[in-house]
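In what follows, a single structure is set out as structure tokens and then discussed.
The values are calculated or read from the model by the stated rules, or taken from the named source; none is laboratory data. Worth saying up front: this structure is predicted, and the values here are computed from it rather than measured. Heads up, the Cβs are rebuilt from the backbone with ideal geometry, glycines too, and the neighbour counts pull from every protein chain shown. Just the protein is used for accessible areas: all its heavy atoms, side chains included, with ligands, DNA and RNA removed. Shrake-Rupley method; radii C 1.70, N 1.55, O 1.52, S 1.80 Å.
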Amino acid sequence: MNSHLTPYLHMQADTLPEVTISEHLGVRSLHLSSDAIQGSMRMAMPDQIELEYVQQMMMWLLFLQEPRHVVQLGLGAAALTKFCYRQFPRSRVTAVELNPHVIHACHQHFRLPDNDERLQVLNMDALDFVHDTARQGSIDVMQVDLYDAAAEAPALSSRAFYQACADCLTAEGILTVNLFGNAQNYAANCDANLAALQDAFDAVVWLPLVHDANTVVMAFKQAPVVDFEVLYQRATEIRLQMKLPAAKWVNGLKAWMQQQC
């Protein structure tokens, strides 16, 4: 990664970190007051998902093909938001981001489209979003990637938070969440998040760790019937249609199930 970070916006409030942009080998990345990458975009393919763990956040596609409403909590570099907006033309896509500087940077540097009848990028607290009772039972897929500038642990991770996320989902809704942390607290934070998710959801599975310390977890409102032959067939469709390495996800889920036996 290019160590030179160009300040994009000055702080307008003490609680909001400064947004910086870096570029290296054709990949543009977003940072919040540190070298930690909060999201990336390959400039030659702006609507594809660059980072492997962000690709894994789409593994709900193995079980659900045509969501009516997809929500991202935490905009990052808008990779998930753009991908869902382009790939599902009949779906509503909502992204929730607390920091307005991140939203502005995504419009200016990461080709985030303007809001329209299908796309809503909301400048608000994710906790307020999920606790709005008007949203209960209305979301098919929720993707959670919430970190502050330090990126030491998920910004929201309590059982109450995950229960509120579950309440927002439809009966067959699915949540994916990225669990990341520094070397000192990663295992403890991961275990605590998994326990909270297992309290709030009917079934919880996760893929092997990738990158420095990213574990992507998938939580089901109702436990699915798992047929690996069907999942591999679906993975082939996803690879051909969306250029995502979905067979690796099936391999990871299969390995996870074998470990649980």
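Between the amide H of R68 and those of D140, distances stay under 5 Å, these residues lying 5 or more places away or on another chain, with hydrogens modeled in the peptide plane.
Placing +1 on the Cβ of each Lys and Arg and -1 on the Cβ of each Asp and Glu in the chain, which of Y53, F201, I103 has its Cα farthest towards the positive end of the resulting dipole? Sorting the options by dipole projection puts first Y53. Each peptide among 70-77, 199-206 gets the average number of other Cβ atoms lying within 10 Å of its residues, and from highest to lowest they stand as 70-77, 199-206. Ranked by the mean number of other Cβ atoms within 10 Å of their residues, highest first, the peptides 191-197, 49-55 come out as 49-55, 191-197.
Approximating the spin labels as points 7 Å out from Cα along Cα→Cβ, the A247-to-D35 distance works out to 3.6 nm. Couplings 3J(HN,Hα) of segment 219-224, computed from phi: 10, 10, 4, 10, 4, x Hz, in residue order, whole Hz [Karplus 6.51 cos²θ - 1.76 cosθ + 1.60, θ = phi - 60°; x for Gly and Pro]. Secondary-structure-derived ellipticity at 222 nm for the chain, considering helices only, amounts to -9500 deg cm²/dmol, per-run term -39500 (n - 2.57) for DSSP H runs with n ≥ 4.
Both the radius of gyration and Dmax for segment 63-116 are 11.2, 34 Å, in that order, over alpha-carbon atoms. Seen against the Cα atoms of the chain and their longest principal axis, helix 228-242 is set at about 30 degrees.
Counting protein heavy atoms only, segment 34-83 has 49 percent of its accessible area on carbon and sulfur, 1.4 angstrom probe.
Of all DSSP bridge pairs formed entirely within segment 70-143, close to 0 percent run antiparallel.
When you work out D = kT/(6 pi eta Rh) for the chain at 20 °C and 1.002 mPa s, using the Kirkwood radius from C-alpha pairs as Rh and the Stokes-Einstein form, the result is 115 µm²/s.
Restricting the calculation to Cα atoms, every distinct pair contributes to the Kirkwood radius of segment 42-182, found to be 15.2 Å. Here the label points at Q65 and Q259, each 7 Å from Cα along the C-beta direction, are separated by 3.1 nm in the simple model. Note on the chain: with charges restricted to the Cβ of Lys and Arg (+1) and Asp and Glu (-1), its dipole about the Cα centre is near 760 debye.
For segment 166-171, putting each phi into the Karplus relation 6.51 cos²θ - 1.76 cosθ + 1.60 with θ = phi - 60° gives couplings of 4, 5, 6, 7, 5, 4 Hz, in residue order, rounded to whole numbers and with x for Gly and Pro. For Q222, put the label point 7 Å out on the Cα→Cβ axis and report which residues of segment 108-143 keep their amide N under 16 Å from it. Within reach of a label on Q222, which here means backbone N under 16 Å from a point 7 Å along Cα→Cβ, segment 108-143 contributes 137-141. Positive contributions from Lys and Arg (+1) and negative ones from Asp and Glu (-1), summed over other residues with Cβ under 14 Å from the Cβ of I238, come out at +2.
Solvent-accessible surface of the chain, averaged per residue with a 1.4 angstrom probe and all protein chains in place: 46 square angstrom. Estimated from the Cβ-Cβ distance and a Förster radius of 22 angstrom, the FRET efficiency linking T15 and A195 is about 0.15.
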